[in-house]
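Below: the structure, in structure tokens.
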Amino acid sequence: MEAHELLQRAARGDAEAFGDFYEQLLDRVYRYAYYRLGNERDAEDLTEETFVRAWEALRKTGRVPDHPEAWIFRIAHNLIVDHHRAARPETELTSAPPLPDRGPGPEEQVQQRETLKDLLHHLRRLPPQWQQVLVCRFIQGMSHAETAKVLGIAEGHVRVLQYRALRRLREMLQSQEVEHHGTTHSPVG
């Protein structure tokens, strides 16, 4: 069942429908929180608080948002901003969460982890808003419109930030490739 339908049922008092909505988005919200906060405990707490606030807002207003996924991520985003404002320093992501097992052998898994670790290292060096755009677009799989709603910016601005972030990330990765191998192997584009 679609998220919008589930929230419509939940707004009418169907707690089971909200539970289904929760199950659909729990993993994605947790991964977003984990990336932004850098540790499991805070990510779990923030994920729980995100859904509690969503449930309370839904029960209080009875209003179902037009874009439920963007709405839930906006709640998470706001809680993360509040978390950082509370003067708790952002934890550096020192190790990436394990990749899902899709059958690669141990050597491939090690290579994938190293590649992900390098990518996350460079991603962390980008300006925060660029990071947020890339996380929403590519880690969470959101559209430009959903990303704009989550971040509270214009859709065109999302596209500009995405372009700049990807260009800078590519430059950093190419620079790393030159440092490690003395040449780049990526096509010019």
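A compact table of results
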| item | result |
| --- | --- |
| So residue 150, is it touching a residue at least 12 places away in the same chain (Cβ under 8 Å), out of contact with any His (no Cβ under 8 Å at 6 or more places or on another chain) and under 17 Å from residue 32 (Cα atoms) | no |
| Considering residues of the range 168-179 that are surrounded by 11 or more Cβ atoms within 10 Å (Cβ to Cβ) and among the charged types (D, E, K, R) only, the residue farthest from residue 130 (Cα to Cα) | 177 |
| Conditions (1) modelled with pLDDT of 90 or more; (2) assigned to a loop (DSSP other than H, G, I, E, B); number of the one not met by residue 189 | (1) |
| Test: residue in the range 114-128 that is closer than 22 Å to residue 24 by Cα and buried (at least 19 other Cβ atoms within 10 Å of the Cβ) | no |
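The values are calculated or read from the model by the stated rules, or taken from the named source; none is laboratory data. Nothing here was measured: the structure is a model prediction, and the numbers come from that model. Counting neighbours? That spans all protein chains shown, and the Cβs are built from the backbone with ideal geometry, glycine included.
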